[in-house]
1. Considering amide H positions built from the backbone, and no H for Pro or chain starts, which residues 5 or more places from V54, or on another chain, come under 5 Å of its amide H?
2. Add +1 for every Lys or Arg and -1 for every Asp or Glu among the other residues with Cβ under 13 Å from the Cβ of F513, and state the total.
3. How do the peptides 227-233, 263-269 rank, highest first, by the average count of neighbouring beta carbon atoms within 10 Å per residue?
4. Whole-Å semi-axes of the stretch 42-94's equivalent ellipsoid, largest first, each the root of 5 times a Cα gyration tensor eigenvalue?
5. Top to bottom by accessible area (1.4 Å), largest first, where do L61, L209 land?
6. Rank-order 509-515, 195-201 by packing density, defined as the average count of other C-beta atoms within 10 Å over each peptide's residues, highest first.
7. If you take the Cα Rg of the stretch 180-286 and divide it by 2.2 N^0.38 Å, with N the number of residues, what do you get?
8. What list of whole percents do you get for P(r) of the stretch 341-482, with Cα-Cα distances grouped in 10 Å bins up to the one holding the largest distance?
Amino acid sequence: MKKKLLTIISLIVPVLTFAQKLTIDEKIEAKFKPFANAVSSVVFYPISIVGVDVPIVIIVLLLGALFFTLYFKFANITLLGVAIRTTNGKYDDIDYHSVDEVAGDPTPGGDVFESIRAEGVVGEVTHFQALTAALSATVGLGNIAGVAVAIAIGGPGATIWMILAGFLGMSTKLVEATLGVKYREVGDDGKIYGGPMYYLKKGLKEKNLAGFGKFLAVLYAVFVIGGSFGGGNMFQSNQAAAQFKLLFGLDSGFLFGVLLAVLVGVVIIGGIKRIGRVTEKIVPFMAIMYVGASLLIIVMNFTIIPAAMLQIWNGAFNQPSIVGGVIGVMIVGFQRAAFSNEAGVGSASIAHAAVKTKFPASEGIVASIGPFVDTVIICTMTALVIVVTNLKSNLFNYANLDEGNNVIMNISGKHLGGVDLTSVAFDSAIPNFSIILTIAVILFAFSTMLSWSYYGIQGWKYLFGKSKLADISYKSLFLIFVVIGASSSLGSVIEFSDAMIFAMVFPNIIGLFLLAPKVKLEVVRYLSAIGYKGQK
């Protein structure tokens, strides 16, 4: 196994050294572009719906989310109160009762899941820390930049569909996080190893699909490693460096990348416990800061809120859509929400697997809060700010886009997209807010890299073993990619990495469908243990 790791490192390091010496993005693009395009074209293969091309991965995610919402009888809504109370630790004491004491246990006399040890509850982080660690990976640039793209292309009505997609995604997160805990493994040192790799392998083995489960698990592990280096790392450091350079008028992001790599390294060396301690402070802070600024703008413009809400409603249902009817607006909203909250990707179950609990469903229910915070609250705040400020100041016309889907601003004529468009919207209401937004972007990027480093190393160790060499080799490569991402504009690498992240959907959703009945049993067990009778 060590020889295999050393061989992989010996192949990767020269490529990284070559890239750093040349510092010519075009040469890397030329080498990588055909491969990146091939992978991306498969993962994001479009299917035409009423004239709108919809990536097949989005269809799979939405059908899965709808199925789980119906299968679990709208648990995303009915169990929201339970989720909040569990996150706050209200029911933690039941973890120290014998499993035999739990009424309604579908496997009486046995452990709740195989990793429970006789000496007590296993796990490394609290419910709240696990949730914030998972949220830190999803609450990020998608909430700031992705929403702006959705509104610009689909119009105000896309907001409604983003909210709906967020609600549906809550059910998917419940399923994958429950399975992440149920099939996790515990190392001799007490460290937790969990996620789709483990529930695909072990869960499908229980259904006499051992070979198929192993294949899906390996496939998922490869995808999560690729996604962690790119979309979960280089893209984040690149965008954070771009905002930093813009604010301070710098030409190079190399030194910023080195500083960021040092900060990330200090945290990830400590593992999920340190990541959990950091994210439980960063995530609430950045969410409150960003949502607070959004609410301030909304309050400042409260007189036009009714008109903005009417514009959002009409754009979703009553008016011919800018991009091909109501279905077109729906697809845009669903797509951006899915890209933002990652429900169905399975990545969050890796962080949730480390929770201290004997009841898998307790963390599944907690995990369902993720899409609610990410999409229903934060994405909606961004959308409202853009719609309200545009209604007041006529910043741009919806669907007035260039070939790159950038908005053409009415007054300046500049072509803006993503985070720049959001920045202009905030600046129009709060002068110089771009400074605060830069801080938010850097914090979002930093927290996302922390969690994705944990996701990636879990896939790495699944493939190459849980040795110290595996740990050091992955973390070293991850930090190198932080610097490269901040210093470069590797378009094809980012395209490839994002494709890898969403390629994770296919093996994961297959496993979720097949293992959903086991999740239902775990939900019944946990609700019985806490004495839930359907009351608020």
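1. It is I47, S48, I49, by chain and number.
2. Numbers: positive: K207, K518, K520; negative: E176.
Net of charged neighbours comes to +2.
3. Working: 227-233: 27.3, 263-269: 17.1.
Listed from highest to lowest mean packing, they are 227-233, 263-269.
4. Values: eigenvalues 261, 30, 14 Å².
Rounded to whole Å, the semi-axes are 36, 12, 8.
5. Values: L61 10, L209 65 Å².
Descending order: L209, L61.
6. On the way: 509-515: 21.6, 195-201: 29.7.
Averaged packing, sorted descending, gives the order 195-201, 509-515.
7. Numbers: Rg = 18.5 Å, N = 107, 2.2 N^0.38 = 13.0 Å.
So the Cα radius of gyration is 1.43 times the expected 2.2 N^0.38 Å.
8. P(r) over the stretch 341-482, rounded to whole percents: 9, 27, 27, 22, 12, 3.
The values are calculated or read from the model by the stated rules, or taken from the named source; none is laboratory data. This is a predicted model, so every value here is computed, not measured. Cβ atoms come from the backbone with ideal geometry, glycine included; neighbour counts cover every protein chain shown. Each accessible area value is taken on the protein alone, full model and side chains, heavy atoms only, with ligands, DNA and RNA left out. Shrake-Rupley method; radii C 1.70, N 1.55, O 1.52, S 1.80 Å.
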